[in-house]
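Please treat every number below as a calculation from the coordinates, not as lab data. Just so it is clear, the model here is predicted, and its values are computed rather than measured. Methodologically, a virtual Cβ is constructed for each residue, glycine included, from the backbone with ideal geometry; neighbour enumeration extends over all protein chains shown.
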Amino acid sequence: MDDYLAIFETDLSDGEKISRAFDHVTSLYIQHSEKDIELLRAMSDKDALIKEQIKMETIKHIRSIFNDCYKRSTGKKAWND
């Protein structure tokens, strides 16, 4: 949480703060989902596994949409995926 809040205390532009904060939060969700997916595979819980995979892929898709919007408005990628 401290890393997230520290982003907003920097001298970066508002757009860059938003980009970095969004990257930080969504990256954490993806990391958590990857661990959950590994556990669900080990447990052979196919229904929960599918739901978690859908959730993770949705977050990845949202990240790509944000990255495209950011690139179109600033001329540079928000982050490298």
Completion exercise
Relative contact order of the range 1-79 (C-alpha contacts under 8 Å, at least 6 apart) in percent is 27 percent
Completion exercise
Connecting every pair of Cα atoms under 10 Å apart in the chain and solving the GNM, the largest mean-square fluctuation among SER44, SER64, SER27 falls on SER44
Handout entry: Acute angle (nearest 10 degrees) that the helix 46-74 long axis makes with the longest principal axis of the chain, alpha-carbon atoms
Key = 10 degrees
Fill in the blank from the handout: Taking r as the C-beta separation of THR74 and ILE54 and R0 as 41 Å, the FRET efficiency to the nearest 0.05 is 0.85
Handout entry: Cα gyration tensor, the chain - rounded (a/c under 1.5), prolate or oblate
Key = oblate
Fill in the blank from the handout: When the chain is treated as a Gaussian network with springs between alpha carbons less than 10 Å apart, the largest mean-square fluctuation among ARG63, ARG20, ARG41 is found at ARG41
